[in-house]
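Student: Provided herewith is a single structure, encoded as structure tokens, for subsequent inquiry.
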């Protein structure tokens, strides 16, 4: 039995629909079912978080939304149009933002997707890149290379590059997972600050309960492998200054129970 949030946290129209999606992939020994009949809808300008333990199919689901693999059952649509291949309406942001090309400057990195997709001409791509770099407060660093930037600056470059292409949705695959706790908190604050400025739509994957509550307007909780929908929860009211509140703690405990119910029962039976 799944539990769905009653919330208008997104405040917009439906953008992404994932309908009854089962995903599988092959290894040399096995056919692996990553997710089983997963369904959810993301609204315009929403921060939608997919939360689940390692191996539950979170990243595989993000790849399917990105158009890099096809569902075995069900379908994925963006504004009613079926997703069948990668496209500039979906931009991926990976862990630690190391997808920035180290041999290109900040300006060249931000320009690159626009030039590669030929969505804009050369002059317009340059103008849009400069404007977006200025908007993320990196105008003085246009000619700097990625290795000279801090983690927060790299994230701003990655987001500037994505948003310059005007995608419908940003797909973020555990971008802060390998960071230390202090840097991770700084990156979370940076992301929320940029969202307040641009109100982009983001689909964010994490295995951290605290991160999901802080960053998400809604949270989709998946079961352990294969990923099934356990619940969809409203987290729109929570911010950093509420991490120690009883309400935050109660939601965290509730999510923990949803993630590990059944697994804990099995462990107790075997004791």
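The values are calculated or read from the model by the stated rules, or taken from the named source; none is laboratory data. All values reported here derive from a predicted model rather than from experimental measurement. FYI the Cβ positions are ideal-geometry reconstructions off the backbone, even for glycines, and counts take in every protein chain you see.
Student: Please go through the range 65-98 and give me each residue that is in a loop (DSSP other than H, G, I, E, B), touching a helix residue (DSSP H, G or I) at 6+ places or on another chain (Cβ under 7 Å), under 20 Å from residue 166 (Cα atoms) and in contact (Cβ under 8 Å) with a residue 24 or more places away in the chain, ordered by number.
Tutor: Passing the criteria: only 88.
Student: Sticking with this one: Out of curiosity, is residue 43 in the same structural domain as residue 192 (by TED's automatic domain parsing), within 20 Å of residue 206 (Cβ to Cβ) and surrounded by 15 or more Cβ atoms within 10 Å (Cβ to Cβ)? Write out each step before concluding.
Tutor: Details: in the same structural domain as residue 192 (by TED's automatic domain parsing): yes; within 20 Å of residue 206 (Cβ to Cβ): yes; surrounded by 15 or more Cβ atoms within 10 Å (Cβ to Cβ): yes.
When the stated conditions are applied, residue 43 passes them.
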